[in-house]
Amino acid sequence: MSIYVEIRIRGSMDELWRRTQDPGLHERWDLRFSEIDYLPRPDETAPQRFSYATRIGFGLRIRGEGESEGSRAGANGERVSALKFWSQDAKSLILEGSGYWRYVPTSDGIRFLTWYSYRTRFGLPGGLLDAAVFRPIMGWATAWSFDRLRLWIEKGIDPAVSGQRAVIQAVARLCIALVFLYHGLIPKLLYRDPTELAMLLAAGLPTPVVDRALILIGLGEMACAGVLLAAWRPRWPLLATAVLMLGALAGVAYSSPGTLRAAFNPVTLNLSIAALAVIGWVAGRDLPSAARCLRQRPGGEA
């Protein structure tokens, strides 16, 4: 039940080391922590103690502590940083754990990887909650954060900017998918809205096939919602949505111009969805993705 994440980063070892070992820089890209602070230590030979905090919403935070158990460099320039961590916060599912970061130079950059595991509190319920929900989320958050770090080093995209872009793109995509789902299901499949039927008749469809056509259009809109959600990483569904909305508006304006004067008319709906799709398309460039990380340790590697 340990967590393993690996990514290739094209950058210098010193820069990657600095942005992962400096607590002020670390907390900027790592989704798992909102605060990381080094604690005073009596001398340079003592382990480096640190405190951390994670916001969980509603003004609440989970706090914990840890210590770096040392770092070493191999003959090939490889570096390793080991640590252990624990939390006495009663809200924390994590009781204690340990892990390491490895920095392995390659011909095309650095293999940056982590392995860590932990014990949970709250007995059997805590273990079940961890296995079903918490540990998968922690693995995803680690991988997503690693790719955000990669974008920061390789392309100079500030972690705050990439995080904001991810939120904007997600909100735009989810809102558009909801609109497609609602308009496909409610007025077309479940209730067969008279206005929808009238628009198809005005477009020249024969009366016997109008009802069937409305069903097909409703299914098509629900399929568009599915594509927007299933094809999360590609940006083309958003651009296709903007083109589709403008084309549909032009078609309605030609076949049923009277609807353009109605309340909640196709002008406001289609243009709003097209604008939202363009916003999501623009924001969706160079977003962090957990899918870019390797999530299983390569066979035979220690």
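Details
- Within the listed set G57, G127, G97, the Gaussian network model of the chain (springs between alpha-carbon atoms below 10 Å) gives the highest mean-square fluctuation for G57.
- The accessible-area ordering, largest first, of the residues E154, E78, E44 stands as E44, E154, E78, per a 1.4 angstrom probe.
- Within a Gaussian network of the chain (alpha carbon springs, distance under 10 Å), most fluctuating of G59, G220, G139: G59
- Legend: residues R63, R235, sorted from most to least accessible area (1.4 Å probe; ligands, DNA and RNA excluded), read R63, R235.
- Area of E69 that stays accessible when all protein chains are in place (1.4 Å probe, Å², to 10): 110 Å²
- Centre-to-centre separation between the Cα atoms of the stretch 179-234 and those of the stretch 28-92: 53 Å.
- Compared with the alpha-carbon gap, the fully stretched path from S68 to T106 is longer by 11.2 nm at 0.36 nm per residue.
- The aspartates and glutamates within cross-link reach of K188, meaning a Cα-to-Cα straight distance under 13 Å and a gap of 8 or more places when in the same chain, are E196, D211, E221.
- The listed residues H26, H183, once ranked by accessible area (1.4 Å probe) with the largest placed first, stand as H183, H26.
- Most positive-pole-ward Cα, N76, L260, S98, against dipole of the chain from beta carbon charges: L260
- Formal net charge of residues neighbouring R192 (Cβ-Cβ distance under 15 Å; K, R +1; D, E -1): -2
- Full-stretch length increase - S289, F264 - with 0.36 nm per residue and alpha-carbon distance subtracted: 5.3 nm
- Ligands, DNA and RNA excluded, the heavy atoms of T106 present near 40 Å² of accessible surface to a 1.4 Å solvent probe.
- Computing FRET efficiency as 1/(1 + (r/R0)^6) for I279 and S51, where r is the C-beta to C-beta distance and R0 is 35 Å, gives about 0.35.
- Taking the 1.4 Å solvent-accessible surface of the chain as the whole, the part contributed by carbon and sulfur is 63%.
- Debye log10 I(q)/I(0) at q = 0.07, 0.11, 0.14 Å⁻¹ for the chain, Cα point scatterers: -0.42, -0.79, -1.05
- For the stretch 228-236, backbone phi angles converted through the Karplus equation (6.51, -1.76, 1.60; θ = phi - 60°) give residue-by-residue couplings of 4, 8, 6, 8, 6, 6, x, 8, 4 Hz, Gly and Pro being listed as x.
- Charged-residue dipole, Cβ positions (Lys, Arg, Asp, Glu), the chain about Cα centre, Debye nearest 20: 320 debye
- Within a Gaussian network of the chain (alpha carbon springs, distance under 10 Å), most fluctuating of R102, R32, R119: R119
- The stretch 252-262 - phi-based ³J(HN,Hα) in whole Hz, Karplus 6.51/-1.76/1.60, Gly and Pro as x: 5, 4, 7, 8, 9, x, x, 5, 6, 9, 6
- In plain terms, the chain from Y38 to A231 could stretch by 65.4 nm, reckoned as 0.36 nm per residue minus the Cα-Cα distance.
- Karplus (6.51, -1.76, 1.60) ³J(HN,Hα), θ = phi - 60°, over the stretch 26-35, in Hz, Gly and Pro reported as x: 4, 5, 6, 10, 8, 5, 6, 10, 9, 9
The values are calculated or read from the model by the stated rules, or taken from the named source; none is laboratory data. Fair warning: this is a prediction, and the values are worked out from it, not measured in the lab. Note: ideal-geometry Cβ built from the backbone for every residue, glycine included; neighbour counts use all protein chains shown. Just so you know, the surface numbers come from the protein's heavy atoms only, side chains and all, with ligands and any DNA or RNA stripped out. Shrake-Rupley method; radii C 1.70, N 1.55, O 1.52, S 1.80 Å.
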